[in-house]
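Student: First, the structure itself, so that you have it in front of you.
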Amino acid sequence: MKRRSLLLGGLAVTTTPLLAGTPAAAATEAPRSAAVPLTNLAHLDFLRQDVTPPDQPGHTTYRLADTPAVGALWTYAEPGPDGTYRRVGGGAYHPDTDTWGQGAYNADDISRAAVVYLRHWHQTGAATSRNAAYQLLRGLTYLQTAEGPHTGNVVLWMQPDGTLNPSAEPKELPDPSDSDASYWLARTIWALGEGYAAFRGPDPDFAGFLRTRLDLAIAAVQRQVLVRYDQWQIIDGERTPAWLIVDGADATAEAVLGLAAYVDAGGGATARRALRQLAQGIAALADGDKREWPFGAVRPWALSRSVWHGWGGQMPAALARAAQALGDRTLLDPAVTDSAVFTPWLLTSGGPDNGRLPTRTDRSQIAYGVDSRVQSLLAVADAAGRTGFGQLAALAAAWYFGANPAGTPGYDPDTGRAIDGINGDGQVNRNSGAESTIHTLLSMLALDARPELVALARHTEVVERVGTVLLEAEHAARHGGATVVTPPSAWTGESLISGGYVDLPAGAGLRWQLSPADQPRLVLPVVDLRPGVPARTVWRSDAGPLGQVDHARIGAQGNSPAPGALLPVTLPGELAADATELTAEATTGSSATVDAVMLEPLVSRLTLAGGGQRTTLLRSAARTPRTAEVAAGGTGPATVEVYDSAGVLRSRRTDPAAMLRVTVLPGGFTLVRR
């Protein structure tokens, strides 16, 4: 499960360790007919478990007396030497009591598994998926607290015998887990909203129960979160909304997905108001542009201007669905920018990492992050009518088929197993837990529903990636008292330092040697900005001046978890293609802190191949149209599609040439397919 851990002061994940894996346990992709669905529920079925909980005050569910067993889902699955998997809970196992430090089953995964089965039932009509969704929703609502001061909130963990564990070990916030708003409350709203929409026709009685429980959850959000609606907090000089669930656009987005489904299915004025207010909070975290961090993304965390992470990044999807449900185009605009400007930058610069904080300090990638891109791009494509976003979604989904840092399939459609992730060094985690399985299957369901995208998604290798280059400050030549500092913890409370940083007193400097490039680049020093600290650095290359950074150009700390902010600052000058040296000099005032430098090509690119096809994505950070040469590869004519910074198709042509000259519009993207 992925969630932000304020207890640990950073971004944390509860997972089993990364394993090297064995050939028997590896996910492999066998050739499949286009008519054979990609979605295989076998492994998710394996993780399911019916459990009969004991009587516990404040907890009950639909027809519990008639059907005492409710649906649950094991949290993890680990492979053995023979390739078979065993189901595992969270935290330390205590064999004497058959309990886990956290539990065997959790609301985060039960809720999202219910969404998988609901969508599969909707797409295929499978009675088995309807029954699985029914049981899981009964189990989820059992975890919801139905009476008392925490009514509507949700207990996160359940032990194998059905006993609830409100205070897990290790400790998580909120503690007890049903004492405040949480990620699992947001995900419960997601499942209940889609559940109500699915069951209101076939089973009105059960749908009525789900509606009652959803209204309890919405009431909990109102009294704990939306009571602060239209209140703003200052984060390093910037106003951010104070009415997001756990201060997160990521958590809030998953609640919005459920609320949008509920409103579409007839949810009342209270749900509509909550949907609008939460969506407005998400939209308020849209930031940056084609040249400025975070490059048009909707940021996930209201308390930091430095953080973006792939997992839970369904903010564009939520805004698109809210825009449709409410008929409010203003909510769609930031989702379009995230899709058209940020996502091509993300794909060409390395993919949906677990942490751009703000540099690629956590390069691990998981299905949750991949699926969040896929779902968001498809939702925005549907809401805006922009087909190019669907093609970007297919390129993002190629991760599952081998176009990833490990060069290995992340999903086996013959078994339904998904890997639990790829570490930053390319090491594969061969575990196949609930979260990775769930989000992989959500992506497969989306592809099965759009067969025209499947061939594009089935690229199996990354041929070329030209994107962000990171220069570490501690690797530069230093003079004038410049000092490398390795902090006791790289986590500042709101960002993650990429190794060490360099302290530059007045008169000190840094120098990097560069290899010539084939195009100009943007230069973004990643520096610690502190209000009231009179520090300034001057940046030059051997081809000319680039600009200055005022290290005090940041507002008051406010509610930010740490003073100052570690941020990339785009210099006004561009680094010439033939530059071979980059320097930074601290001028007057206090010491300046430099963590790294991001070099961004004006036109970045990603080329994928496999299945007899080759596709190149180009993305522009330039102010004017640029041309680029692309080796199309393959046979037959190539298709060239040019999109602007809003994802609108501006031109389309076919070309038989082996080497193509293509246009990339400012802030836009171009796709070349053969």
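The values are calculated or read from the model by the stated rules, or taken from the named source; none is laboratory data. Bear in mind that the values here come from a model prediction, so they are computed numbers and not experimental data. Cβ atoms come from the backbone with ideal geometry, glycine included; neighbour counts cover every protein chain shown. Quick note on the areas: whole protein, heavy atoms, side chains included, nothing else; ligands and nucleic acids left out. Shrake-Rupley method; radii C 1.70, N 1.55, O 1.52, S 1.80 Å.
Student: List the relative contact order of the chain as a percent without decimals, with contacts defined as Cα pairs under 8 Å and 6+ residues apart.
Tutor: Once divided by the residue count of the chain, the mean separation gives 12 percent.
Student: Another one. Of (1) 171; (2) 185; (3) 146, which is the value of volume of the Cα convex hull per residue in Å³ derived from the coordinates here?
Tutor: (3)
Student: Round to the nearest 10 and give me the degree value, 0 to 90, for the angle of helix 183-199's Cα axis relative to the longest principal axis of the chain.
Tutor: That helix lies at roughly 60 degrees to the long axis.
Student: So if each residue of separation counts as 0.36 nm, and I subtract the Cα-Cα distance between V485 and E292, what length gain in nm does that give?
Tutor: Values: separation 193, 0.36 × 193 = 69.48 nm, distance 2.69 nm.
Extending this stretch completely gives an extra 66.8 nm.
Student: Please turn the phi angles of the range 136-149 into ³J(HN,Hα) values with the Karplus equation 6.51 cos²θ - 1.76 cosθ + 1.60 (θ = phi - 60°), one per residue in order, whole Hz, x for glycine and proline.
Tutor: Calculated HN-Hα couplings, in order: 5, 5, 5, x, 5, 6, 5, 5, 6, 7, 9, 7, x, x Hz.
Student: Using alpha carbons only, how many degrees (0 to 90, rounded to 10) separate the axis of helix 315-326 from the longest principal axis of the chain?
Tutor: Rounded to the nearest ten degrees, it is 60.
Student: Compute the signed sum of charges (Lys and Arg +1, Asp and Glu -1) over the other residues within less than 13 Å, Cβ to Cβ, of P405.
Tutor: -1
Student: On a full-extension model of 0.36 nm per residue, what is the gain between N423 and D264, subtracting their alpha-carbon distance, rounded to one decimal in nm?
Tutor: Numbers: separation 159, 0.36 × 159 = 57.24 nm, distance 3.94 nm.
Length gained between N423 and D264: 53.3 nm.
Student: At 0.36 nm per residue, minus the direct Cα-Cα distance, what do D518 and S167 gain on full extension? Give it in nm, one decimal, please.
Tutor: Computed gain between D518 and S167 is 120.7 nm.
Student: So, for the chain, what is the accessible surface per residue at a probe of 1.4 Å, expressed in square angstrom? If you can, show how the numbers build up before the last one.
Tutor: Numbers: 22750 Å² over 674 residues.
With the other protein chains kept in place, the chain gives 34 Å² per residue.
Student: Calculate one ³J(HN,Hα) per residue across the range 644-655 by plugging θ = phi - 60° into the Karplus curve 6.51 cos²θ - 1.76 cosθ + 1.60, and present them in order as whole Hz with x for glycine and proline.
Tutor: 8, 6, 10, x, 7, 5, 9, 7, 8, 8, 10, 8
Student: So if we plug the beta-carbon distance of R273 and T67 into 1/(1 + (r/R0)^6) with R0 = 45 Å, what FRET efficiency do we get, rounded to 0.05?
Tutor: Working: r = 35 Å, r/R0 = 0.77.
Once rounded, the FRET efficiency stands at 0.80.
Student: In degrees between 0 and 90, to the nearest 10, how far off the longest principal axis of the chain does helix 269-283 point, with axes built from Cα atoms?
Tutor: The angle comes out at about 20 degrees.
Student: Kirkwood Rh, the range 266-422, all Cα pairs: how many Å?
Tutor: 15.9
Student: At 7 Å along the Cα-to-beta-carbon direction for both A42 and T663, put a label point, then send me their distance in nm to one decimal.
Tutor: Result for the modelled spin labels: 5.0 nm.
Student: Another question about this same structure. Given the -39500 (n - 2.57) contribution per DSSP H run of 4+ residues, what per-residue ellipticity at 222 nm results for the chain, rounded to the nearest 500 deg cm²/dmol?
Tutor: -8500 deg cm²/dmol
Student: Just to verify a number: FRET efficiency for L649 and Q123, C-beta to C-beta distance, R0 = 30 Å, to 0.05?
Tutor: 0.60
Student: Still on this model: What is the local net charge at L524, summed over the other residues whose Cβ is closer than 12 Å to its Cβ (Lys, Arg +1; Asp, Glu -1)? Intermediate results must be reported in sequence, preceding the final value.
Tutor: Numbers: positive: R291, R521; negative: E292, E574, D595, E600.
Result for the local shell: -2.
Student: Further, regarding this structure: Expressed as a rounded percentage, what relative contact order does the range 476-523 have, with Cα pairs under 8 Å and six or more residues apart?
Tutor: Relative contact order, the range 476-523: 47 percent.
Student: Residues with beta-carbon under 10 Å from that of A577, excluding A577: net charge, scoring Lys, Arg +1 and Asp, Glu -1?
Tutor: Once positives and negatives cancel, what remains is -2.
Student: Starting from the Cα of E464, step 7 Å along the direction of its Cβ; do the same at E452; then give the gap between the two resulting points in nm.
Tutor: Placing both labels 7 Å beyond Cα along the Cβ direction yields 2.9 nm.
Student: Which percent of the accessible heavy-atom area of the chain goes to carbon and sulfur, probe 1.4 angstrom?
Tutor: Numbers: 11540 of 22750 Å².
About 51 percent, which is the carbon plus sulfur part of the accessible surface.
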